[in-house]
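Shown next, in structure tokens, is the structure this report addresses.
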Amino acid sequence: MDNQRANAFLFKVFGDVATSAAVACLSIGDRTGLFGTMRGAGPLTATELAGCSGLDSRYVEEWLAAMAAAGYVEYDSNAGTFHLPEEHAAVLADPESTKYLGGLLQMVPAVVRQAGRVADSFESGGGVPFADFGEDLVEGMERANAPNFAYLLTRKWIPASERARLRLEEGCRVLDIGCGSGRSSVAVAEAWPEATVLGVDPDERSVARARRLAEEREVGDRVELRVAGAEEIELESEIGVALSVDVVHDMADPGGALRAVRRSLRDDGVYLMAEPNCSSDIAGNMNPVGAFFYSISVLHCLTQSLAADGAGLGAAWGREAAMALAEDSGFSRVRELDIANPITAMFECLP
């Protein structure tokens, strides 16, 4: 055995474990509002931050040390102060920033809590159903998606398809597949006031949140929301634009869902399928983005599909497999749109 190589690997694994513990502390900062309190406040001592936040000073002191050691906040040893730079605040404390990752800090602990059950599924088969991941996953997904749906989806991603833009400007009917908590459905309705939106999702909790959001944003008269799987859609040539964002790989029956979408489209319609920006070749995903998608897939995407005796595509199924599935489902032309996003790829599928 190469001792030097073994030690180097030991320190790598130790570093990864240390990072996972630090991420748990990141989630505490998100949950308790500590990052929000530090945002724009300048350098603070632990005592000052505890006073501003109303939290226990000893916990705050230790948490700040962890955040400083991990590089998430800056520490001035001479002044004894901690500072959340503006650039870090955009990622950790600004829910309107497209760089914001606060939703992930709520989502990841929710999926990690099910790791034991996922491990059991390695032996027994099946998996963990979506409903069992709890409210933190639903809310965390909504928070994670909200900035992208509020800005990127309607200003960059959808307009990258000229056919989709034209149909929406004409005031077509839109089908939002796997609409979740409704952020995408509402964003489309707000961006194109002449359009009407039908959002479908099999999770009752998510659809209930979506209905509340549509009413709050005063688009409830143009956004209909149903508890249903995409494969259950029975629409014939009614839809001008169909949309799915980061959901096809989670489905139990992705082929059935895409065939139902194909039947729903008008002859001049278009289906936009957004999926993780990965290669279908494992060798093409040997990077931090690939590591995230494969890991979150084991803990959530794959297991919820297998829990329903589904296809189990996995989050990192890749662009080549996504395009092939669309073609096999009856779409005549499938191409990847240039949305220049390192995390998301979008495919334009024509009937």
Q: Considering each residue of segment 228-243, count those that are of a type in the set (Gly, Ala, Ser) and surrounded by fewer than 24 Cβ atoms within 10 Å (Cβ to Cβ), and give that number.
A: 4
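Of everything in segment 141-177 that's small (Gly, Ala, Ser), at pLDDT 95 or above and assigned to a helix (DSSP H, G or I), which residue is farthest from the chain's Cα centre (by Cα)? Outline the logic, then answer.
Residues of segment 141-177 small (Gly, Ala, Ser): 144, 146, 150, 160-161, 164, 171.
Filter once more, keeping what is at pLDDT 95 or above: 160-161, 164, 171.
Still in the running and assigned to a helix (DSSP H, G or I): 160, 164.
On the way: Ala160: 20, Ala164: 22 Å.
This residue is Ala164.
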**Q.** Residues satisfying the stated conditions in segment 54-76, i.e. under 22 Å from Ala21 (Cβ atoms) and either part of a loop (DSSP other than H, G, I, E, B) or small (Gly, Ala, Ser) (or both)
**A.** Leu55, Asp56, Ser57, Ala65, Ala66, Ala68, Ala69, Ala70, Gly71, Tyr72, Val73
Q) Of the residues that make up segment 171-183, is at least one more than 18 Å from Ile239 (Cβ to Cβ) and either free of Cβ contacts under 8 Å to residues at least 40 places away in the same chain or assigned by TED's automatic domain parsing to the domain that holds Phe35 (or both)? A) no
Q | Among residues of segment 77-116, those that are in contact (Cβ under 8 Å) with a residue 60 or more places away in the chain and part of a helix (DSSP H, G or I), counted | A | 9
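Residue by residue, here is whether (1) surrounded by fewer than 19 Cβ atoms within 10 Å (Cβ to Cβ); (2) out of contact with any strand residue (DSSP E or B) (no Cβ under 8 Å at 6 or more places or on another chain) holds:
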position: Thr32; (1), (2): yes, yes
position: Gly36; (1), (2): no, yes
position: Trp63; (1), (2): no, yes
position: His83; (1), (2): yes, no
position: Leu92; (1), (2): no, yes
position: Arg113; (1), (2): yes, yes
Q.
Condition check: part of a loop (DSSP other than H, G, I, E, B) and out of contact with any strand residue (DSSP E or B) (no Cβ under 7 Å at 6 or more places or on another chain). Does Gly51 satisfy that?
A. no
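Give me a count of the residues in segment 178-206 that are assigned to a helix (DSSP H, G or I), surrounded by fewer than 21 Cβ atoms within 10 Å (Cβ to Cβ) and out of contact with any helix residue (DSSP H, G or I) (no Cβ under 6 Å at 6 or more places or on another chain).
2
Of all residues in segment 14-47, count the ones that are of a type outside the set (S, T, N, Q), assigned to a helix (DSSP H, G or I) and touching a Ser or Thr at 6+ places or on another chain (Cβ under 8 Å). Reasoning before the result, please.
Quick first cut of segment 14-47, residues of a type outside the set (S, T, N, Q) only: 14-18, 21-26, 28-31, 33-36, 38-44, 46.
From what is left, the residues that are assigned to a helix (DSSP H, G or I) are 14-18, 21-26, 28-31, 34-36, 38, 46.
Filter again for touching a Ser or Thr at 6+ places or on another chain (Cβ under 8 Å), leaving 34, 46.
Count: 2.
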(Q) Go through segment 248-259 and report how many residues are surrounded by fewer than 22 Cβ atoms within 10 Å (Cβ to Cβ) and among the aliphatic types (A, V, I, L, M). (A) 1
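The values are calculated or read from the model by the stated rules, or taken from the named source; none is laboratory data. Source: prediction; values computed, not measured. Neighbour counts are summed over all protein chains in view; Cβ atoms, including those assigned to glycine, are modelled from backbone coordinates with ideal geometry.
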